[in-house]
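To keep things clear, I will list the structure first and then write my remarks on it.
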Amino acid sequence: MHFKKVGTRIVSNSNKQTKQLISVKIREVLDALECFAPLPLQEDFDNAGLQVGLTEAEVSGALLCLDVTEEVVEEAIARGCNLIVSHHPLIFHGLKCISDINFVQRTVAKAIKSNITVASMHTNIDNAKDGVNFKIAEKMGLGNCRFFAQKQVNGITCGSGVIGEFDHPLSACEFVNMLKRAFNVQCVQCNTLLDRPIRKVAICGGAGSFLLEDAIRQGADAFVTGEMHYHEYFGREQQIQIAVIGHYQSEQFTTEIFESIIREKCEGVNTYIAATNTNPIIYL
């Protein structure tokens with residue numbers, strides 16, 4: 001007998017002669033994600049976790065994305081998903097009303113109207129072991145990856161940045177070209193190219209310039225992040241190779257982490273990496 005039902009996992013009883021369908025609730029998916037990246041790991045300014053909706057419903061499918069927009073909600077509807085898991089929180093600042101005054105309020109209203117639950121894993125998964133920065137390191141081919149500027153939260157070792165090494169050092173030009181290929185970027189913002197080989201690389205996805213000094217203290221040859229301010233590039237010539245690849249681009253593979261967790265812990269839940277590109281920056 002063939003079983004096919006979205007949002008369920010198939011389990012066998014002890015005698016392996018019958019099969020039973022067990023529904024997976026949205027709450028179970030959120031529990032799995034938060035077990036991997038506990039909410040206490042998030043920064044004080046953040047608003048990770050449940051954003052909109054109910055959690056006791058059975059999962060019909062999970063759409064995984066970086067940002068939640070009206071177009072993303074429409075994609076969830078089209079795919080039959082009643083759960084959206086994003087990296088960036090939909091509700092970052094408090095809402096005093098839900099109307100049509102801006103895209104956040106319109107997106108919240110559309111999700112509620114469509115019975116779609118939205119949850120976000122933001123700085124908690126940035127700070128988690130095997131989280132966003134470890135994924136970036138993986139895409140770069142770094143080894144011996146570990147936290148730098150690490151801290152303890154509720155007895156959990158975590159950190160906002162990751163540092164690792166290449167097996168074989170790269171020239172600065174080779175390093176930049178590798179980043180362009182690995183993250184599919186048209187350009188990388190750099191300071192003066194380093195005239196020594198790059199082996200040790202520090203990483204902080206998103207807006208990570210606050211860790212530049214820590215990267216230098218750790219002896220990193222290069223620092224990769226998503227965005228930095230103009231004046232932060234000054235005074236680092238031949239000290240460290242700064243490589244800024246774009247906020248969206250640096251975190252684009254976070255959805256792969258979500259997918260891996262859900263597939264492992266919530267077997268049978270259909271997952272989809274969003275096709276909607278939510279990067280608000282275009283390159284002309």
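The values are calculated or read from the model by the stated rules, or taken from the named source; none is laboratory data. What you see is a predicted model, and the numbers here were worked out from it, not measured in a lab. Methodologically, a virtual Cβ is constructed for each residue, glycine included, from the backbone with ideal geometry; neighbour enumeration extends over all protein chains shown. For the accessible areas, the whole protein counts, side chains as well, though only heavy atoms, and no ligand, DNA or RNA atoms are used. Shrake-Rupley method; radii C 1.70, N 1.55, O 1.52, S 1.80 Å.
Observations on the structure shown:
- Some residue of segment 92-114 being of a type in the set (F, W, Y) and within 28 Å of C158 (Cβ to Cβ): yes
- Boolean, E227 is within 21 Å of V132 (Cα to Cα), within 24 Å of the chain's Cα centre (by Cα), open to solvent by 60 Å² or more (accessible area, probe 1.4 Å) and free of Cβ contacts under 8 Å to residues at least 40 places away in the same chain: yes
- Those residues of segment 168-192 which are surrounded by 14 or more Cβ atoms within 10 Å (Cβ to Cβ), of a type in the set (A, V, I, L, M, F, W, C) and more than 17 Å from K139 (Cβ to Cβ), in sequence order: A172, C190
- Test: residue in segment 211-220 that is open to solvent by 20 Å² or more (accessible area, probe 1.4 Å) and in contact with a helix residue (DSSP H, G or I) (Cβ under 9 Å, 6 or more places away or on another chain): no
- Qualifying residue in segment 57-71 (condition: open to solvent by 80 Å² or more (accessible area, probe 1.4 Å) and either outside any loop (DSSP other than H, G, I, E, B) or in contact with a Gly (Cβ under 9 Å, 6 or more places away or on another chain) (or both)): yes
- Within segment 76-157, helices (runs of 4 or more DSSP H) holding 3 or more residues that are over 13 Å from the mean Cα position of the chain (by Cα): 103-113, 132-140
- Test result for L30, within 16 Å of the chain's Cα centre (by Cα) and either surrounded by fewer than 18 Cβ atoms within 10 Å (Cβ to Cβ) or not aromatic (F, W, Y) (or both): yes
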